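Read through the structure below, which is laid out as structure tokens, and then see the notes.
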Amino acid sequence: MSLELARRLDAADPLASFRDRFVVDDPTLIYLDGNSLGRLPKATAERVRDTVERQWGSRLIRSWGEAEWVSLPQRLGAKVAGLLGARADEVLVCDSTSVNFYKLVRAALALDPTRRRVVTDAANFPSDLYLLQGIEGLTITRVPSEGVVTPPETIEAALADDVALLTLSHVSFKSGQLHDMARLTDSAHRVGARVLWDLSHSVGAVPLALSECQADMAVGCGYKYLNGGPGSPAFLYVRHDLQDRLVSPIQGWFGQRDAFDFSLEYQPATGISRFLAGTPPVLAMVALEPGVDLLMEAGMSALREKSIRQTELLIQLWEEELAPLGVTLNSPREALGRGSHVSLGHPEAWRINQALIQTESVIPDFRAPDTIRFGITPLYTSFEEVAEAMSRLRRVIQTRSYERFSESRAAVT
Ligand SMILES: *Cc1c(COP(=O)(O)O)cnc(C)c1O
């Protein structure tokens, strides 16, 4: 029944052909982990080969100018800005999300040394929390989550006039909760605090409107929904009117006013470029562009519409077939309150996830202690894959086929 419905939805899907633009060498594999590592766009393999063989191999150092390697952070940033609802001169592609987060937190804290409190929530990505913990003299208020969500009222209750910064994952990595960016940004501004959004699970997954929300700063990941490849460089956003008031704590030569005058005193560049540190990783940078182009071509509102239909289908199947087997929904029930992945919970989640990967040809991922995340990437996920994955999940639980897998966890989950 559900499989037939899913096939009908695929037949009517205007985005279905985008799947052919990705390398899918095993059509039997149901890949639901594009929120952790996006698939490889076919165009990327060609682009990287050209960069290695022609630009680097033949043209050598001349490519810094000829192939515009030197302006990749700004040029790719301008493209990513299109997915963020930001101005082209407000975004840079550089470094990792963690490093960008650190740079912007430090820069924001320096704006007003009398404010030393940072508000975040327990559902935030641990790396962000660790980075905050590493900054001396800060008071961190970690608002607790209630069940799978952190209600906006709880966050707002923690905001006061000693708060320098509110920082949250816009879409939570575990539950997929989607925060109300406009509301919370406004609430923080009312007490004079700045806001730093981590968009790692939002960019390429949900439409964003940073300018409209008057967001101050943001960071996000290149290798998830942007399909930039393993360890792809991340991005950062700083609203244009703040750029010349913030100074990066990592004062490298690429953020210097004129890197190639080799002057002995640091003077930050004007505009967004001051947040650069060192030489851009060119091979990784060029690999990011085709994935971003595909998202732009499909359009974020069409992608969001499909993503909602697919997550709704998944949740409907959970309700009918998995909830009776003791599987919980660890994501918000309302489509408008979640991003593009759905988390299901079970005390045996680790072993069930192993069984899915090793015997059912389904790749989701496990998040401790009891969650399996199913990432929906509407550029290449089909409705049939969603329905089929749920049916295989039911089989694993019903037959207890997971029991032959070890309970000890791998280093990377
Ligand atoms: C994936 C992710 C990161 C990753 O940071 P890296 O520095 O690239 O390892 C950061 N924040 C969030 C919310 C993430 O989901």
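How do the pairs read when you match residues in the range 187-202 that are touching a residue at least 24 places away in the same chain (Cβ under 8 Å) with residues anywhere that are assigned to a loop (DSSP other than H, G, I, E, B) and of a type in the set (Lys, Arg), using Cβ under 9 Å and keeping only pairs 6 or more apart or on different chains? Pairs found: Gly192/Arg115; Ala193/Arg115; Ser200/Lys224; His201/Lys224. For the range 89-131, residues that are open to solvent by 40 Å² or more (accessible area, probe 1.4 Å), within 16 Å of the ligand (Cβ to nearest atom) and among the β-branched types (Val, Ile, Thr) total 1. Is it the case, given these coordinates, that Glu153 is assigned to a loop (DSSP other than H, G, I, E, B), acidic (Asp, Glu) and more than 16 Å from the ligand (Cβ to nearest atom)? Judged against the criteria, Glu153 is not a match. Residues that are more than 19 Å from Tyr102 (Cα to Cα) and in a loop (DSSP other than H, G, I, E, B) do not occur anywhere in the range 236-254.
Name the single residue, out of those in the range 232-245 being touching a residue at least 60 places away in the same chain (Cβ under 8 Å) and within 16 Å of the ligand (Cβ to nearest atom), that is surrounded by the most Cβ atoms within 10 Å (Cβ to Cβ).
The extreme case among them is Phe235.
Taking the range 183-224 as the range and being part of a loop (DSSP other than H, G, I, E, B), open to solvent by 10 Å² or more (accessible area, probe 1.4 Å) and more than 10 Å from the ligand (Cβ to nearest atom) as the test, the residues that pass are Val191, Gly192, Pro207, Leu208, Ala209, Gln214.
Note on the range 350-374: residues that are surrounded by 22 or more Cβ atoms within 10 Å (Cβ to Cβ) and either modelled with pLDDT under 95 or in contact with a strand residue (DSSP E or B) (Cβ under 7 Å, 6 or more places away or on another chain) (or both) total 10. Picking from residues in the range 144-153 that are without any contact (Cβ under 8 Å) to a residue 60 or more places away in the chain and under 24 Å from the mean Cα position of the chain (by Cα), the one that is surrounded by the most Cβ atoms within 10 Å (Cβ to Cβ) is Thr150. Scanning the range 68-83 for residues being touching a helix residue (DSSP H, G or I) at 6+ places or on another chain (Cβ under 8 Å) and either within 15 Å of the ligand (Cβ to nearest atom) or among the hydroxyl-bearing types (Ser, Thr, Tyr) (or both) gives a total of 1. Helices (runs of 4 or more DSSP H) fully within the range 1-84 that include at least 2 residues being of a type in the set (Asp, Glu): 2-11, 42-50. Selection over the range 142-166 of residues that are in contact with a Lys or Arg (Cβ under 6 Å, 6 or more places away or on another chain) and either over 15 Å from Trp197 (Cβ atoms) or of a type in the set (Phe, Trp, Tyr) (or both) gives a count of 3. Inclusion of Thr141 among residues that are touching a Ser or Thr at 6+ places or on another chain (Cβ under 8 Å) and within 16 Å of the ligand (Cβ to nearest atom) is not warranted. Scanning the range 246-269 finds no residues that are of a type outside the set (S, T, N, Q), within 16 Å of the ligand (Cβ to nearest atom) and surrounded by 19 or more Cβ atoms within 10 Å (Cβ to Cβ).
The values are calculated or read from the model by the stated rules, or taken from the named source; none is laboratory data. Please read these numbers as outputs of a predicted model, since none were measured by experiment. Because the Cβ atoms are built from the backbone with ideal geometry, glycine has one as well, and the counts that use them run over all protein chains shown. Protein only, heavy atoms only, side chains kept; ligands, DNA and RNA dropped before computing areas. Shrake-Rupley method; radii C 1.70, N 1.55, O 1.52, S 1.80 Å.
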